[in-house]
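Colleague: Have a look at this one before I ask anything.
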Amino acid sequence: MIKISRKPSWKQVLSAGLLATALTTVSGGLSSSGLALATRQISSDTQRTIDLKIWEAHGVNLSFITVGETIRKVWLDDPAQFVLNVDGCLENLSADSCAEPGASVLHIRRIKPINFPGLPRTPSGSGAHLTVITEAVNGQRKIYSFRLLTGTGQPEYSTIEITPAPLSVRNQILIASIRQGLEVAQKNQQISPNDPLWNRIETFFGLLNNGQTVEQAAAQAQISLALVRRLNSLGSRGSTIPDFSI
């Protein structure tokens, strides 16, 4: 019997990752010259399509660890030159079903161009469109748009790190005031670090630092807005929350 060799479909290539993915650290890698490559940081509040260069034999990590978001879904419109892998499990990237879908890091590799019958190719130089859907700890979903480009010369970076949106000066002052109020309450023996409420307040601070509003952070941390107002009034900076939002 003569066996007929068939070209793999683009779905098979995408799900299998084509080739075994080389071991890659999230913190970065080494270029051929032996110098550590930089990590490029991008704010999570960006509204534009982000250009990512991918070099031959040098994959790039797209990390959502710092921002605390979980990757739920990815779409690569033209898989002819790039393959994807994740540190977890995603339904459309895995040949098997995922018991716990989700990932924190997306690894992107460049491959030799493949011609997939019936799948249009991206025009030369325009880049392949990549969409990433993430979910924050409060359940809010976000869409990130990337354009994958073929890099030339020495690789410029090995990791793209998505970071929390920077807080405004007013927000920083307000958070400092609430934290100072917590210290005053501790000195007055109204609360101690051993109290369960203390941990919920620390969770509240973490959520604020990740860009959530006061209402959202308070609801998720399970503390009342009355408590937030009380701590703020105890703080020495005297910021107010007239509309419950920052």
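Just so it is clear, none of the values below were taken in a lab; they were calculated from the coordinates. These numbers were taken from a predicted model, which means no experiment stands behind them. Because the Cβ atoms are built from the backbone with ideal geometry, glycine has one as well, and the counts that use them run over all protein chains shown.
Colleague: Please list, in order, the residues from region 150-164 whose amide nitrogen is less than 20 Å from a point placed 7 Å along the Cα→Cβ vector of residue 137.
Modeller: Backbone N within reach: 161-164.
Colleague: Further, regarding this structure: Ranking request for peptides 218-224, 79-85, 171-177: highest mean number of other beta-carbon atoms within 10 Å first, then the rest in descending order.
Modeller: Most protected by this proxy first, the peptides run 79-85, 171-177, 218-224.
Colleague: Non-local amide H neighbours of residue 82 (under 5 Å, H modeled in plane, Pro and chain starts lacking H): which ones?
Modeller: Sorted by chain and number, the residues that satisfy this are 111.
Colleague: Explain nothing, just compute: Karplus ³J(HN,Hα) = 6.51 cos²θ - 1.76 cosθ + 1.60, θ = phi - 60°, for every residue of region 191-205 in order, whole Hz, x for Gly and Pro.
Modeller: Karplus-based 3J(HN,Hα) across region 191-205 equals 7, 9, x, 7, 6, x, 5, 4, 5, 5, 5, 5, 4, 4, 4 Hz.
Colleague: Can I ask one more? Going by amide H atoms built from the backbone, whose H comes under 5 Å of the H on residue 50, apart from near neighbours?
Modeller: When sequence neighbours closer than 5 places are left aside, the close amide H contacts are 145, 146, 147.
Colleague: Mind jotting down a quarter of the surface of the convex hull over the alpha carbons of region 40-106, in square nanometres, one decimal?
Modeller: 5.5 nm²
Colleague: First select every other residue whose beta carbon is under 10 angstrom from the beta carbon of residue 60; then total the charges, Lys and Arg +1, Asp and Glu -1.
Modeller: Combined, the nearby Lys, Arg, Asp and Glu give +3.
Colleague: Okay, moving on. So if we plug the beta-carbon distance of residue 98 and residue 124 into 1/(1 + (r/R0)^6) with R0 = 41 Å, what FRET efficiency do we get, rounded to 0.05?
Modeller: 0.70
Colleague: In nm, give the distance between the simple-model label positions of residue 77 and residue 40, each being 7 Å from the Cα along the Cα-to-Cβ direction.
Modeller: 1.9 nm
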